[in-house]
Amino acid sequence: MRPRSIVILTGAGISAESGLPTFRDKDGLWEGHRVEEVATPEAFACAPELVHRFYNLRRAALATVEPNAAHLALARLQRQHPGKVTLITQNVDDLHERAGSAGVIHMHGELGRVRCTRCDHALAWTGDLGTGTVCPNCGKTGYLRPDIVWFGEMPHHMELIAEALRNADVFAAIGTSGHVYPAAGFVGEARLAGAETVEINNAGTAVSERFHRHLTGPATVEVPRWVDGLIAPGT
Ligand code: OAD
């Protein structure tokens, strides 16, 4: 039998136990704003300082957290599984990379990158960003934005993702609420391709009924256990 192709989608829940807040748990608000109000091109046009502050806080928080057992288990799966493991994340943190994962597909962009809307230059970025920040490429002020996919914008790498889903034998969604498309629809595409689908989450989600299997519990417990079963089935 050919080594199975595994496609994994992660969401904010996988980073929750590292100390990064999810978007929709508890009251789901940041300083009284829903994420949909802050993470839009319209919000950036009307209130750029507010949007910069939202992402500056998140970028700064990255320095205070570490990858957890779930991120590490997925990196181990990539190293030890003889077939292909495609890791797609909606997360804008870099915890998969810091856990040792390679080729992570950041469909919603990355906190650690910024882009100039004037010259389209994109670059790695660790500090704060503001309306007075100068683009190091074109030298103009006020055009740099977080390289994040906002609501109403096209997620990155969709062709690559569609190709992976078409060839998936196993599809897993980990720590994502199923409220945001197109990611919430990946389980349907994987099922059409004949994949076995598994949802790993500490609660039910908007799309739970579309999965064959559910592993319910904290990601740091359920993901390592699932990975162990894939690497050494029957043990
Ligand atoms: P959400 O905050 O919507 O959902 C987090 C999910 O993780 C929920 O289903 C929780 O039950 C689950 N969860 C929380 N803690 C967990 C744990 N310790 N172990 C396992 N599961 C846990 O986050 P996302 O689904 O990632 O987009 O949100 C999708 C997108 O909406 C984000 O990428 C972001 C947001 O707006 C943009 O900013 C464009």
**Report entry** Filter result for Leu20 (of a type in the set (A, V, I, L, M), in contact with a Pro (Cβ under 9 Å, 6 or more places away or on another chain) and surrounded by 14 or more Cβ atoms within 10 Å (Cβ to Cβ))
**Finding:** no
Query raised in the report: Could we say that Met158 is over 19 Å from Leu74 (Cα atoms), of a type in the set (A, V, I, L, M) and within 13 Å of the ligand (Cβ to nearest atom) here?
Result: no
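Only one of Val51, Val92 is in contact with a helix residue (DSSP H, G or I) (Cβ under 6 Å, 6 or more places away or on another chain), among the β-branched types (Val, Ile, Thr) and under 26 Å from Gly32 (Cβ atoms). Can you tell me which?
Answer to the selection: Val51.
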Requested in this report: Only residues that are within 23 Å of Pro48 (Cβ to Cβ) and in a loop (DSSP other than H, G, I, E, B): list them for the range 87-120, please.
Outcome: Val92, Asp93, His108, Thr117, Arg118, Cys119, Asp120
Report task. May I ask you to say which residue of Leu165, Leu123 is part of a strand (DSSP E or B), away from the ligand (no atom under 16 Å from the Cβ) and either among the β-branched types (Val, Ile, Thr) or touching a residue at least 12 places away in the same chain (Cβ under 8 Å) (or both)? Result -> Leu123
Requested in this report: Find all pairs meeting these conditions: Cβ atoms under 8 angstrom apart; at least six residues apart or on different chains; first residue within the range 213-233 and closer than 16 Å to Gly175 by Cβ; second residue within 14 Å of the ligand (Cβ to nearest atom) and among the hydroxyl-bearing types (Ser, Thr, Tyr).
Outcome: His214/Ser208; Glu222/Thr216
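Readers should treat all values here as calculations from the given coordinates under stated rules, not as data from a laboratory. Bear in mind that the values here come from a model prediction, so they are computed numbers and not experimental data. FYI the Cβ positions are ideal-geometry reconstructions off the backbone, even for glycines, and counts take in every protein chain you see.
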